[in-house]
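One structure is given below, encoded as C-alpha cells.
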Amino acid sequence: MAANIFRDLNEKVNGDYYRLKYHLMPSVGFMNDPNGFIQFNSEYHLFYQFNPLYPKDKLVCWAHVKSLDLVHWSTASPALCPSEWYETHGCYSGCAVNNNGEFTLIYTGNVKDESGKRETYQCIAQSSDGENFVKYKNNPVISNAPTGYTTHFRDPKVWKHDGLWYMAIGAQTEKEEGVVLLYSSEDLLVWNKIGEVAGSNTNRLNYLGYMWECPNLFKLDGKDILLFCPQGVEPNGDLYNNRYQCGYLVGKLDYKSGKLAYGDFIELDRGFEFYAPQVSRDEKGRLLLVGWMGIPEEEDSPTVKNNWLHCLTIVRQLHLENNKIYQNPVEEIKLLRTNETRYDNVVINNEQIKLDNIYGDSFELVCDFSWENVLEFGIKLRCDDGENEKTLLYYNTEEEKIILDRCKSGLSKIGVRKCRIENSKKLSIRLFMDKSSVEIFINKGEETFSSRIYPKEESKNIFFYAQGGMVNVNIKHWII
Ligand code: FRU
C-alpha cells in the first residue's frame, strides 16, 4: 500500500514536464528560502526550507544538499525537522557557520498556538560529520524578541568579525515597521543585543515596509551591505512590482552602535520571482549568492497539482561597481555547456530571423548586440510555431529600457517587468533557460531578471528581431 503511494507520487512529480534540469527543486512538496549556505572543508553545503507534505499539511524542515562544484548537487538527509517545543510550527530560516571546526546551524524555531499567536526562538544545531545535526540541549539561545518588537523575529545570519560573532536578524517594531537588529556573542550561545542596523522607522528610508525578513550583512569590495526582504513596500513605476521585495543598502557598519550609514535602497533582481537569498564567502574568497525563485504566498503554479512547487536560482558570484551589486553565474556553470553553436556578426535589419540550432527549452544563450540606429530589438523565447505562445525579452532604445514580457509565456503567470539600462549602443544578454525558469543577466551582471514561465513542451523556437533600424549581434548557444 505505502509502496504504491510512493510510486504514484514519484511518477506524478517526476512526470511533470516543468521539472527543471539544472536547478535545485524539492524532490516532492514545497521549497522556499535557501538556508545555511557554506563551504565547509572544501565541500559546499546548502539547505533550504522544505515542506514535503505540501499541499496537504505543513512540516517545515531544512533539506540538505551538497556539492563540490556548485552545479552538481547530491541530496543528504534533511538536517532539521520540528521535534522540540521551541519549533513545533517549523524550523524556519537561518544560516551555517564554521565554529572552530564545528559545523553549526543557527535557525528560528517557530511556534504558534491554536489562536495563531506566534512565538519565535533562535536555536542552534551542531554536527561533527556535516550530515547529522544535533540540536543544542539548552536551546533556544535567544527567547523571543526584545521589548519594543513583535514576535516577527526571525532568520538569523551570523558571521565573525574581530574575534566576535555577530548576528543580523529580521524584526518588526511594535509600530509595525520592518527593521534588522544586530546581536553579538563570544560563543554562539549567549547573545547580547547591540541595536538596529536599519529600519523602516527612519526618515532616511521613508517607510520601507512592515517587516524585514531574511537579512544578510556582509562586506563586499570594501563596503558593508545589508541585503534583506522588506514586506509591504508599494510599487513605484518599474520598481517593487512583486508581492514582496528583495534589495540592499550599501554603507558602513558601526559595530559599536550596530548602525549602518547607508545610501538608497536598491532592488536586487528585476524579474517576477526572486526572494530570500543566502550569501556566503567560499574558500576561494568569492562572495556567492543563491536565491529562491519564488515569492511568499504565490502558489498559483501549474506544478502544484503534481505535488511540488518552486526552485532556487543558479549560484551567482557578486561584486560591487559604483555602489551597485553585480551578479554573474559562477564560473562552474560552464561545466553544464554542451553542443556549442556560434554566429558572429549577424545583421538584423527591420526583420525577424531564426537561426539553425538555436532553439530549445534548456540552454544557455549569450548575445552581444551593437547598433547605431534602431528603435527596438530583442529575442523571442519559447515560441510555438504560430507565435501564440512566446516570452519576450527586448530593449527599447528611446525608453532606454530592457523589458521582460511573459503575458503570452504559457500557463498561469503573466505580466511585464522593465528596468532602465542606458543606451550605450551595445547590450549584452546572457540567459539560462531551464524548462520552466529563465534567469537573465544583462551587461555582465548589472541587472538580473529571475522568473518562472510555463510554456508548452513544444514551444522551443527562438527568434531574433529588430524594428526601426538595424542591429549587429554575436550569438553563442549551448544546450544544457
Ligand atoms: C521567508 C520566510 C522566512 C521564514 C521562512 C519560513 O520566505 O517567511 O522569514 O523564516 O520563510 O519558511
The lone condition ASN241 fails out of (1) loosely packed, with under 15 Cβ neighbours inside 10 Å; (2) assigned to a loop (DSSP other than H, G, I, E, B); (3) of a type outside the set (A, V, I, L, M, F, W, C); (4) in contact with a strand residue (DSSP E or B) (Cβ under 7 Å, 6 or more places away or on another chain) is (1)
Please verify whether the range 154-161 includes one or more residues that are surrounded by fewer than 22 Cβ atoms within 10 Å (Cβ to Cβ) and not in a strand (DSSP E or B).
no
Has the range 177-199 got any residue that is loosely packed, with under 14 Cβ neighbours inside 10 Å and either assigned to a strand (DSSP E or B) or in contact with a Leu (Cβ under 6 Å, 6 or more places away or on another chain) (or both)?
yes
Can you run down the residue pairs with Cβ atoms below 6 Å, 6 or more apart or on separate chains, where the first is in the range 152-181 and over 16 Å from ASN201 (Cβ atoms) and the partner is among the small types (Gly, Ala, Ser) and within 16 Å of the ligand (Cβ to nearest atom)?
ARG154/GLY170; ASP155/SER93; ASP155/GLY170; PRO156/GLY94; LYS157/ALA168
Can THR147 be described as open to solvent by 60 Å² or more (accessible area, probe 1.4 Å), of a type in the set (Val, Ile, Thr) and within 16 Å of the ligand (Cβ to nearest atom)?
no
Please count how many residues of the range 428-460 are over 20 Å from TYR17 (Cβ atoms), buried (at least 23 other Cβ atoms within 10 Å of the Cβ) and among the aliphatic types (A, V, I, L, M).
1
Given the structure, is TYR121 outside any loop (DSSP other than H, G, I, E, B), within 16 Å of the ligand (Cβ to nearest atom), farther than 29 Å from VAL304 by Cβ and over 25 Å from the mean Cα position of the chain (by Cα)?
no
Qualifying positions in the range 47-63 - free of Cβ contacts under 8 Å to residues at least 40 places away in the same chain and within 16 Å of the ligand (Cβ to nearest atom)
PHE50, ASN51, PRO52, LEU53, ASP57, LYS58, LEU59, CYS61, ALA63
Where a residue in the range 293-319 is small (Gly, Ala, Ser) and its partner, wherever it lies, is open to solvent by 10 Å² or more (accessible area, probe 1.4 Å) and part of a strand (DSSP E or B), with Cβ under 8 Å and at least six apart
GLY294/ASN32
Which residues, taken from the range 1-21, are surrounded by fewer than 19 Cβ atoms within 10 Å (Cβ to Cβ) and in contact (Cβ under 8 Å) with a residue 40 or more places away in the chain?
LEU9, LYS12, VAL13, GLY15, ASP16, TYR17, ARG19, LEU20, LYS21
Residue ID - farthest from GLU364 (Cα to Cα), chosen from residues in the range 29-84 that are β-branched (Val, Ile, Thr) and out of contact with any His (no Cβ under 6 Å at 6 or more places or on another chain):
VAL60
Qualifying position, being closer than 25 Å to GLN245 by Cβ and aromatic (Phe, Trp, Tyr), among PHE441, PHE464
PHE441
Could you please find all residues in the range 261-283 being open to solvent by 10 Å² or more (accessible area, probe 1.4 Å) and away from the ligand (no atom under 16 Å from the Cβ)?
ALA261, TYR262, GLY263, ASP264, PHE265, ILE266, GLU267, ARG270, SER280, ARG281, ASP282, GLU283
When you scan the range 165-175, how many residues do you find that are more than 16 Å from the ligand (Cβ to nearest atom) and surrounded by 12 or more Cβ atoms within 10 Å (Cβ to Cβ)?
3
Please work out which residue is nearest to the ligand (Cβ to nearest atom), limiting yourself to the range 87-110 and to residues that are farther than 20 Å from HIS161 by Cβ and open to solvent by 10 Å² or more (accessible area, probe 1.4 Å).
TYR92
Is it true that GLY258 is touching a residue at least 60 places away in the same chain (Cβ under 8 Å), outside any strand (DSSP E or B) and in contact with a Phe, Trp or Tyr (Cβ under 6 Å, 6 or more places away or on another chain)?
no
Please name all residue pairs, on different chains or six or more residues apart, with Cβ atoms under 6 Å, provided the first residue is in the range 27-43 and is under 17 Å from VAL315 (Cβ atoms) and the second residue is of a type in the set (S, T, N, Q) and open to solvent by less than 10 Å² (accessible area, probe 1.4 Å).
ASP33/GLN49; ASP33/SER93; ASN35/SER93
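The values are calculated or read from the model by the stated rules, or taken from the named source; none is laboratory data. Model, not experiment: these values are computed from the prediction. Note that we place each Cβ from the backbone using ideal geometry, even for glycine, and neighbour counts take in every protein chain shown. The accessibility values were calculated without ligands, DNA or RNA, using every heavy atom of the protein model including side chains. Shrake-Rupley method; radii C 1.70, N 1.55, O 1.52, S 1.80 Å.
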